[in-house]
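As structure tokens, the structure follows; a few thoughts come after it.
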Amino acid sequence: MQTERRDVLWLNGSETISITELAGVAGLSEADVRELVDSGVIMPMNPADLSWTFSADCAVTVRKASRLRHDLELDSHALALALALLEQIRALESELSQMRAQQAADSRA
């Protein structure tokens, strides 16, 4: 049996990551990462800088983009739409969870 080696990068939300590191974490090219920026999926910390850096949180989004692109063979526009819809679903699920918790607290009172 052959095992696959994966590089591990441990990040927390307050760290920054270069475009090269971000591309490497996701298995994308820097051009792919730039497309994600152009489509509004992710934003560099300071877009005016020549060398873009990103919040480490972007690594999760970019890895998800890489999996979607590979698994579903999405072009950049479809990929941006899929990621936006997934984020909207995540936000709605979070809101629903908060409302359920509030409803449960109100029913106990």
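Which pairs do you get when a residue that is within 30 Å of ILE42 (Cβ to Cβ), found in the range 86-109, comes within reach of a residue that is among the hydroxyl-bearing types (Ser, Thr, Tyr), reach meaning Cβ atoms under 9 angstrom, with the pair 6+ apart or on two chains?
GLU87/THR61
Just one of (1) loosely packed, with under 10 Cβ neighbours inside 10 Å; (2) modelled with pLDDT of 90 or more; (3) among the small types (Gly, Ala, Ser) trips up SER107, so point out which.
(2)
Considering only residues of the range 49-100 that are open to solvent by 80 Å² or more (accessible area, probe 1.4 Å) and among the polar types (S, T, N, Q), which is nearest to ALA31 (Cα to Cα)?
Checking each candidate, the answer is SER51.
Condition first: open to solvent by less than 40 Å² (accessible area, probe 1.4 Å) and not in a helix (DSSP H, G or I). Now tell me which residues in the range 30-48 satisfy that. I'd like the intermediate steps shown before the answer.
Step one: list which residues in the range 30-48 are open to solvent by less than 40 Å² (accessible area, probe 1.4 Å), which gives 32-33, 36-37, 41-42, 44.
VAL41, ILE42, PRO44 - these are the residues of the range 30-48 that are open to solvent by less than 40 Å² (accessible area, probe 1.4 Å) and not in a helix (DSSP H, G or I).
The values are calculated or read from the model by the stated rules, or taken from the named source; none is laboratory data. What you see is a predicted model; the values in this text were computed from it and never measured. Neighbour counts run over all protein chains shown; Cβ positions are idealised from the backbone, glycine included. The protein model used for the area step is the full one, side chains on, heavy atoms only, and it has no ligands, DNA or RNA in it. Shrake-Rupley method; radii C 1.70, N 1.55, O 1.52, S 1.80 Å.
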